[in-house]
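Since the structure comes first, as structure tokens, the remarks are kept for the end.
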Amino acid sequence: MTEPENLITNTTTPKLRNSTGSVLPFGAQLTLNILAVIIIFIGLVGNAVVFWFLFVKIKRNQCTVYILNLAVADFTFLVGCAIYLMFFLFYLCGVKVTESDNEKVFFAGNLLYDIGFNTSTFVLTAISVERFVSVLLPIWHRCHRPKWQSTAISAVLWALSVLVTGLETFLCQNSDKYQEPGSGKCTAVYLFTSGLFLLTVSLMVLSSLTLLLEIRKTSKQCRPLRLYIVIIVTVMVFLLNVVPARVIGLLLYFKVLPAEVYSLLFFYLTEIFTSIHCSMNPYLYILVGRWRKQGPGVTVKQAFEKVFKEDTESTWQTEATSMSSITGSKHR
């Protein structure tokens, strides 16, 4: 069998050698590839279920619009990831492909991968900021927030994701991504996307800390809001699974780290951890929705309703109570 690096030429895939210069063993490659494909399949099923229930079975509200877009973005990312991992898996099993087929498959896979990843990151940030605003300005959020705001913001975030992906794909298509800087335009693109990524992560952290403080404050009077728990856990998983790999990739591009760090093992671990992040949300909704269940078992639909219905009812009641307490303490 020829060396894998002779096949994989797309800019988002690594030179398939580890840091010591030796090829990762075939058994390890096959195991990691199959593990990643299994995680992706589980995530595709889960996000499809979320889309079905939120689009068909459950009445949409300001939060479920974001969750619906997040599910579509995660599904898009997982499809893109599955395309080139399955392609590589077939290659490992001895299926021969032409260079032309290789380029077409990886171009399509990476386009879906990048659009899905960027949109998922932006929408998750929007969800976090939305909850932050609901805590900071509960009366405005309840009474004056435009009903079309979630839809409009989601559309803008999809457009921003397409723009960012287009810049990276077509201005940096001739550069060896994450290893050697490309043209001046390509470097400018990565400076822009790096700043955008830093901004989104900062907003996530700030918003999540605010929600965490809100949970600690309200949990003395009632149960913590399920929606807040979902958002905080999702952001934590994002920070643990996605941010380190993204930061390392940027450090590699700007030669802060040596190119040898970007190994085949690092590539597989990045795909596995990112896939876990995009696959776990549907199961988190069900788990939190069934938390402290009372009476008979809770169905998937009921679990989703328990998580997202609180967005318009329990959340408002708790936020109003909290603001009343704060206002009362100021007048004493």
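The values are calculated or read from the model by the stated rules, or taken from the named source; none is laboratory data. Just so it is clear, the structure is predicted and the values come from calculations on it, not from any experiment. Cβ coordinates were reconstructed from backbone atoms using ideal geometry, including for glycine residues, and neighbour counts include every protein chain displayed. Surface areas here come from the heavy atoms of the whole protein model, side chains and all, with no ligands, DNA or RNA. Shrake-Rupley method; radii C 1.70, N 1.55, O 1.52, S 1.80 Å.
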For this session: Take the range 8-46 and flag every residue that is closer than 20 Å to G249 by Cβ, surrounded by fewer than 19 Cβ atoms within 10 Å (Cβ to Cβ) and modelled with pLDDT of 50 or more.
Result: L24
For this session: For the range 74-92, indicate whether the set of residues that are without any contact (Cβ under 8 Å) to a residue 12 or more places away in the chain, farther than 25 Å from I153 by Cα and part of a helix (DSSP H, G or I) is non-empty.
Result: yes
For this session: Could you grab me the full set of residues in the range 235-285 that are of a type in the set (F, W, Y) and open to solvent by less than 60 Å² (accessible area, probe 1.4 Å)?
Result: F238, Y253, Y262, F266, F267, Y268, Y285
For this session: Kindly indicate which of V65, V95 is surrounded by fewer than 23 Cβ atoms within 10 Å (Cβ to Cβ) and at pLDDT 85 or above.
Result: V65
For this session: Answer yes or no: is there a residue in the range 125-148 that is aromatic (F, W, Y), outside any helix (DSSP H, G or I) and within 30 Å of K301 (Cβ to Cβ).
Result: yes
For this session: Select from the range 211-234 the residues that are over 12 Å from A126 (Cα atoms), buried (at least 19 other Cβ atoms within 10 Å of the Cβ) and either in contact with a strand residue (DSSP E or B) (Cβ under 6 Å, 6 or more places away or on another chain) or at pLDDT 75 or above (or both) and list them in ascending order.
Result: L211, Y228, I229, V230, I232, T234
For this session: Might you check whether a residue that is outside any helix (DSSP H, G or I) and open to solvent by less than 80 Å² (accessible area, probe 1.4 Å) occurs anywhere in the range 47-59?
Result: yes
